[in-house]
Amino acid sequence: AAVTTRVLITKPNGEPKGIFLLFRGGQGFLVNSAGGIGGGDARILAGLGYVAAIVDVPSDQPRGLEGQAGQLERFRVAAEHTTDARAVVDALHARWPVPVYLLGHSMGAISVAHIAATLGDRRLNGLVLSSSPTQRGWQGSWVSVPSAALDKVTVPVLLVHHQQDACSLLRLANSGSKL
């Protein structure tokens with residue numbers, strides 16, 4: 001069966017300056033367990049003149065992208081994830097031939113780091129990593145942003161973190177971790 005991925009698109013008024021693909025944290029679902037859609041970032045980006053596309057979990061990952069014992073989240077670093085992201089970029093860029101940016105929050109930052117390192121696409125102009133996990137999980141088997149081939153990322157990167165972030169997997173550089 002063909003793999004499908006839903007994408008929630010928020011468009012700006014007028015011609016867009018670029019396209020942001022947003023990858024959510026946690027399980028990565030577009031719609032959360034309470035039935036809500038977190039579209040605040042998308043509305044802000046559209047207000048600034050960008051197409052904002054929240055990328056859902058692909059149909060072949062029905063349990064989501066965050067799992068137990070480091071199994072499901074491994075999809076975030078798999079070649080299939082990059083292939084899915086390329087298909088979304090192709091579809092959106094065909095409609096709006098403007099620069100593409102990736103934005104990942106929390107576990108979504110792992111997706112973005114790995115996709116940026118493996119996409120090899122000139123349309124990619126930058127990425128934003130927000131509250132990105134810099135430490136492996138408690139079982140030592142989970143992936144993290146530093147597990148990406150960061151030396152292959154050739155576009156500008158913006159790191160957005162807060163020193164009071166409650167996530168135990170986030171350690172800022174001034175606390176001894178290297179990102």
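The values are calculated or read from the model by the stated rules, or taken from the named source; none is laboratory data. Note that the structure is predicted; figures quoted are calculated from it, not measured. Every residue, glycine as well, gets a Cβ built from its backbone with ideal geometry; the counts of neighbours run over all protein chains shown. We work out accessible area using only protein heavy atoms, side chains counted, and drop any ligands, DNA or RNA first. Shrake-Rupley method; radii C 1.70, N 1.55, O 1.52, S 1.80 Å.
Among the residues making up the range 137-163, those that are open to solvent by 60 Å² or more (accessible area, probe 1.4 Å) and at pLDDT 60 or above are L150, D151, K152, T154, P156, V157, L158, L159, V160, H162, Q163.
Would you call A109 open to solvent by 20 Å² or more (accessible area, probe 1.4 Å) and either assigned to a helix (DSSP H, G or I) or among the aliphatic types (A, V, I, L, M) (or both)? Let's see the steps before the verdict.
On the way: open to solvent by 20 Å² or more (accessible area, probe 1.4 Å): no; either assigned to a helix (DSSP H, G or I) or among the aliphatic types (A, V, I, L, M) (or both): yes.
Considered against the rule, which asks whether it is open to solvent by 20 Å² or more (accessible area, probe 1.4 Å) and either assigned to a helix (DSSP H, G or I) or among the aliphatic types (A, V, I, L, M) (or both), A109 comes out as no.
Scan the range 41-86 for residues that are over 20 Å from H105 (Cβ atoms) and either at pLDDT 90 or above or not in a loop (DSSP other than H, G, I, E, B) (or both) and jot them down. Listed by number, the residues that qualify are G49, A79, E80, T83, R86. May I ask you to list the residues in the range 6-27 that are at pLDDT below 90 and closer than 18 Å to Y101 by Cα? Residues satisfying the conditions are R24, G25.
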